[in-house]
1. Is it the case that the stretch 331-343 has a residue that's over 30 Å from Val62 (Cβ atoms), touching a residue at least 60 places away in the same chain (Cβ under 8 Å) and open to solvent by 70 Å² or more (accessible area, probe 1.4 Å)?
2. Give the stretch 77-123 a look and list any residue that's touching a Gly at 6+ places or on another chain (Cβ under 7 Å) and either over 23 Å from Arg179 (Cβ atoms) or hydroxyl-bearing (Ser, Thr, Tyr) (or both), or say none.
3. Taking the condition at pLDDT below 95 and open to solvent by 10 Å² or more (accessible area, probe 1.4 Å), does Asp230 pass?
4. Can you tell me which residue is most open to solvent (accessible area, probe 1.4 Å) among those in the stretch 39-51 that are closer than 22 Å to Pro219 by Cα and out of contact with any His (no Cβ under 9 Å at 6 or more places or on another chain)?
5. Need the failing condition index for Ala202 against (1) at pLDDT 95 or above; (2) under 30 Å from Pro149 (Cα atoms), just the number.
6. Can you pull out every residue in the stretch 145-174 that is at pLDDT 95 or above and of a type in the set (Asp, Glu)?
7. Regarding Ile281, is this residue open to solvent by less than 30 Å² (accessible area, probe 1.4 Å), within 26 Å of the chain's Cα centre (by Cα) and without any contact (Cβ under 8 Å) to a residue 24 or more places away in the chain?
Amino acid sequence: MHKHTLKRLSAKTLFTLILSSLFSLPASAQAQEESYTLRLHHFFPPSAPVHQQYFIPWKEAVEKESEGRFKVELFPSMQLGGTPPSLYDQAKDGQADIIWTVLGYNPGRFPKAEVFDLPFLPTSGAATSQAAHEYAMQHMQDELAGVHPIAVHTHSPGALHTKDTPIESLDDVKDLKIRGPSRLVNKYLAQLGAQPIGMPVAQALEALSRGVLDGTVIPFEAITAMGLADITTEHTTFSGDRALYTTMMIVAMNQAKYDALPDDLQAVIDAHSGIQEAYKIGQIMDQADLKQIHRIQSGEQPGTIHRLDDEETQRWKAIGQNVVDEWIAEANEAGLDGQQLYDDANQWVMKYTRN
């Protein structure tokens, strides 16, 4: 080939390469600047402490650290439709990008999560939430397939709250219609002699007002948030460092949505996921508990807190142990190592309680 032709081809090739690189720059920049909207859906009202003190700051941090490429839209109070039990599937199916819900609202679906519903397992919300997150990461990857966990946690210590009847002994709870959040909590209530009625906490106010319920189990922090402060004025707690109950909750993202993010935006989500987030949520709930308890004890809000002594608490714990033993047997029959799951949960609760 003639050397001038070679020169022309070389020049042409060089021009093509330059032109190609010029056109590729905007495409690359465009990919880098692509923005993503994340719709976060949950059932608590916007006044709830976790919404105000956790989700709003979480949204702001994620948006800031993504340099505006994330837009997080918050939808409390089931504003996107559905019911609290449907929230998990909304995340799994992509109807919502991120959800916050109670796993126990789907009975039988998360058998390993049930261990945290067992009586007198939890201590503080912060400690038990860290234990729940570690437990879930170790034992529940199969049950959580299809979602990307941001935080697995529990609510703060659950107590018993009634409308008219003070609960000062085990005998006082007999035949009362008490709302419970999950299968195991309801099973325990039945063994205590109550009539358990399972329903999401968002329905409790109407049920109490209509006389469908005599009371509910719930943490103190949720009393005001769910509008129950003026109707449940008798509150029962227990001696020792273990609470009556809690239940496992999750902040979860649609897995496909997470997988589709570029690496740098996945890193932003990752920086705001994990056991430290579980701790934050549990701590917010603990602090809100203390404020609510202070309001009642100071007379700012009507009500009486009955703290059962050691002897009476042991009566409740003995019945609770029956529920623990039955759950371990059920788990074993289902092919799980129930004793190991219970021991792990208990050991992690104590680990984070001591830290």
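1. Yes, some residue in the stretch 331-343 is over 30 Å from Val62 (Cβ atoms), touching a residue at least 60 places away in the same chain (Cβ under 8 Å) and open to solvent by 70 Å² or more (accessible area, probe 1.4 Å).
2. Gln90, Lys92
3. Details: at pLDDT below 95: yes; open to solvent by 10 Å² or more (accessible area, probe 1.4 Å): yes.
Judged against the criteria, Asp230 is a match.
4. Filtering the stretch 39-51 for residues closer than 22 Å to Pro219 by Cα gives 41-51.
Next, from what is left, pick out any that are out of contact with any His (no Cβ under 9 Å at 6 or more places or on another chain): 41, 43, 46-47, 49.
Working: His41: 0, Phe43: 9, Pro46: 59, Ser47: 80, Pro49: 20 Å².
Within the stretch 39-51, the match that is most open to solvent (accessible area, probe 1.4 Å) is Ser47.
5. In the conditions (1) at pLDDT 95 or above; (2) under 30 Å from Pro149 (Cα atoms), Ala202 misses (1) alone.
6. Glu168, Asp171, Asp172 - these are the residues of the stretch 145-174 that are at pLDDT 95 or above and of a type in the set (Asp, Glu).
7. Values: open to solvent by less than 30 Å² (accessible area, probe 1.4 Å): yes; within 26 Å of the chain's Cα centre (by Cα): yes; without any contact (Cβ under 8 Å) to a residue 24 or more places away in the chain: no.
Taking the combined requirement at face value, the residue does not satisfy it.
Conditions (1) part of a loop (DSSP other than H, G, I, E, B); (2) within 17 Å of Gly158 (Cα to Cα); (3) acidic (Asp, Glu); (4) in contact with a helix residue (DSSP H, G or I) (Cβ under 7 Å, 6 or more places away or on another chain), marked per residue:
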residue: Ser273; (1), (2), (3), (4): yes, no, no, no
residue: His294; (1), (2), (3), (4): no, yes, no, no
residue: Trp316; (1), (2), (3), (4): no, yes, no, yes
residue: Gly320; (1), (2), (3), (4): no, yes, no, yes
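The values are calculated or read from the model by the stated rules, or taken from the named source; none is laboratory data. If you're wondering where the values come from, they're calculated on a predicted model, not measured in any experiment. Heads up, the Cβs are rebuilt from the backbone with ideal geometry, glycines too, and the neighbour counts pull from every protein chain shown. Keep in mind that these areas ignore ligands, DNA and RNA; they rest on the heavy atoms of the full protein, side chains included. Shrake-Rupley method; radii C 1.70, N 1.55, O 1.52, S 1.80 Å.
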